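The values are calculated or read from the model by the stated rules, or taken from the named source; none is laboratory data. This is a predicted model, so every value here is computed, not measured. No Cβ is skipped: glycine too gets one built from the backbone with ideal geometry, and neighbour counts run over all protein chains shown.
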Amino acid sequence: MIQAVGLTSDSLKDQPPAVEDVSFEARAGQVTALLGAAGAGKTTVLRLMLELQRGRGIAYFRGRPLHCITHPSREVGVLLGDVPGHPSRTVRNHLRMLCAAAGVPARRADEVLEEVGLVSLREERLGTLSLGMDRRLGLACALLPDPHTLVLDEPAAGLSAPEARWLHSTLREYADQGGAVLLTTAAPKEAARHADHVVTLEAGRVAADLDAAEFARTRLRPRVAVRSPHAARLASLLAKEARTERRSVEVVREQGNRLSVYGSTTADVGETAFRNGILIHQLADEVGDMRPEPREEEQPVPAEDAAMPEGDAEPEETETAEAPEPLPLPIAVRSVRSPLRPLRYELRRATGISTGFVVCGVALVVSAVTAVVLARIGHTPQARLFAAWPRELPLPPVALAAGLLGALAFGDEFRHPALAADRGTVPRRLGLLTAKLLVSGITAGMLAFLALGCDAELLYLVYGRELVQVPEDWLPLCASWLALVVGCAWAGVLAAGVFRSTAAGLAAVLAVPVAVVPLVHRLFEGSYVRVAAGIHVRMREVLLLQWPFGGERYLLGLARVIAQPVGGAMTLSLAALLCAYLITTLRARAR
């Protein structure tokens, strides 16, 4: 059951709030329609209920606000607009990725595909789906954690008649099983035909809250729309004739020169206007009244009071001042929860599209070709030759590719926010960050060693054994190479997470050799050897410990890598980006 109490959006400058004091209930086992024309505030109400927009009021889902529910996706399934996601991802991979985020078994993806009739399209790309198939996928995403409540924003808008019938029949089956369904619509006939309860919004306020049968009887009725510069006179004449002929006719004065006549026909209204010489600008039949209850300037004109002179009107009673009601509770925008299984989610996200594989393949080819060209030119140290790193480039091709893959790890999610589609962003959580750093680090490490093997193999095939002799200091060289590539990947992940952009992540990777290395080189110039020398001895003296398994050698190698300009620059950059990421995370949680 859903209970919305006093939902009020924040007003902008001098504008009135888009939604003001909206309260209603959506019961379990029923389909509740939130009806209103464009601009009536339907979507704003849903966003306030789901804590996606600031305002006042509160919404209870089975007695609890959304932010008090441990796993909101398992309680409320949401569909707001089209289904976001990477257009190259397949339907099945997209759902399996969301399974990991919701903490449900992967087989649930195949189950909901059968429920929504998308089994035959499970290998289709998201970017190729039609509107009807996209809505089916959106419903599948909402049903994935098997929630008790469904909240859908105009799910049938733009659908063909067969697709709309299928959608409403599916929602009816869901409600019959005990679930609560809340959907918005702008079509009165659709609300009366498919909903059990209809809440009508007009200008951000509740105009009516009726059962579907009562709504169809009282508000979904034919009327005659009339526009005339003499609307008041025509209203009095119509009511007078109806009283004389003892017909049940209701005339409602709308804004301006418009009348709505209930219980009459265009022929009768037109004949009355013609007999009395009244000019008509519009005369048409309409169906579907979504107007609010008549206000003071829009009171219906009963037949017995229509002919009453203005001078005989009863004096208005003086209203007594009432104490202002207390403001409803404020609504704060809550950040989305991190994936329940972040490592599994990140693996499916990274392997679900071909972008990563293409980047790795291109990087390996470019690295091998560059190594051959450098060997042809000559005068290149062997370490740089294996890494395919010309002095003219700030980074080798493989390190740039690792940085791009790291930047895509967060940048793609900000561009196609499948994890937090309703909020337009992704959560900055340490669990998700750890998973991204782990996956990107492993990918970068594999790419680094594959590049060394491909470069060495191609050099051997082209030039023979002379150029592929293993150097004596191969261990520290390999450690430095691995640290460079993995560091570039991590810099891309952190920068893209901080600045919410793939381009910003790649720019941060390039900034390390271009801007940070010269600065660190000045600081460490001539001193990095002194820093690294004897560090294991000093550490042993401080900690009074004997390093096991020759730990001094590894610690010395790490110190030498960090003390070098490139290593120091990478360490400094990663530390700064990690601090920035933690600060933005804490600020987001404090809001």
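Here ALA456 meets the list (1) more than 30 Å from TYR581 (Cα to Cα); (2) without any contact (Cβ under 8 Å) to a residue 40 or more places away in the chain almost entirely, failing just condition (2).
Residue check, GLN546 against (1) under 16 Å from ALA399 (Cα atoms); (2) of a type in the set (S, T, N, Q); (3) at pLDDT below 90, all met but one. Which one? Here GLN546 clears every test but (1). Checking each residue in segment 1-31 for being surrounded by 19 or more Cβ atoms within 10 Å (Cβ to Cβ), within 20 Å of ARG64 (Cα to Cα) and either of a type in the set (S, T, N, Q) or without any contact (Cβ under 8 Å) to a residue 12 or more places away in the chain (or both) picks out THR8, GLN30. The single residue among ILE442, ILE331, ILE377, ILE353 that is among the hydrophobic types (A, V, I, L, M, F, W, C) and within 30 Å of GLY6 (Cα to Cα) turns out to be ILE331. The residue list ALA33, ALA37 contains one member that is small (Gly, Ala, Ser), within 24 Å of GLY158 (Cα to Cα) and assigned to a loop (DSSP other than H, G, I, E, B), which is ALA37.
Among the residues making up segment 370-395, those that are in contact (Cβ under 8 Å) with a residue 40 or more places away in the chain and under 42 Å from the mean Cα position of the chain (by Cα) are ALA387, ALA388, PRO394, LEU395. Within segment 8-18, does at least one residue satisfy the condition of being basic (Lys, Arg), in a loop (DSSP other than H, G, I, E, B), in the same structural domain as HIS148 (by TED's automatic domain parsing) and over 14 Å from LEU182 (Cα atoms)? Yes: one or more hits. The residues in segment 355-368 that are in contact (Cβ under 8 Å) with a residue 60 or more places away in the chain and more than 14 Å from VAL485 (Cβ to Cβ) can be counted, and the count is 3. Looking at this structure, is THR184 surrounded by 15 or more Cβ atoms within 10 Å (Cβ to Cβ), part of a strand (DSSP E or B) and polar (S, T, N, Q)? So THR184 passes the test.
Taken over segment 32-64, the criterion of being among the small types (Gly, Ala, Ser) and either within 23 Å of PRO188 (Cα to Cα) or buried (at least 21 other Cβ atoms within 10 Å of the Cβ) (or both) is satisfied by ALA33, GLY36, ALA37, ALA38, GLY39, ALA40, GLY41, GLY55, GLY57, ALA59. Within segment 460-480, not a single residue is buried (at least 22 other Cβ atoms within 10 Å of the Cβ), assigned to a helix (DSSP H, G or I), not polar (S, T, N, Q) and not assigned by TED's automatic domain parsing to the domain that holds THR43.
If you take the residues of segment 53-112 that are among the hydroxyl-bearing types (Ser, Thr, Tyr) and touching a residue at least 60 places away in the same chain (Cβ under 8 Å), which of them is nearest to ALA409 (Cα to Cα)? Out of the qualifying residues, it is SER88. The criterion of at least 3 residues that are surrounded by 18 or more Cβ atoms within 10 Å (Cβ to Cβ) and modelled with pLDDT under 90 is met by the following helices (runs of 4 or more DSSP H) wholly inside segment 339-420: 382-387, 397-415. Of everything listed in (1) of a type outside the set (Ser, Thr, Tyr); (2) under 20 Å from PRO339 (Cα atoms); (3) touching a Gly at 6+ places or on another chain (Cβ under 6 Å), the single unmet condition for LEU126 is (2). All conditions but one from (1) modelled with pLDDT under 90; (2) crowded, with 21+ Cβ neighbours inside 10 Å; (3) over 27 Å from GLY158 (Cα atoms) apply to SER73; the one that does not is (3). On the stretch given as segment 213-250, residues that are under 51 Å from the mean Cα position of the chain (by Cα) and touching a residue at least 24 places away in the same chain (Cβ under 8 Å) total 17.
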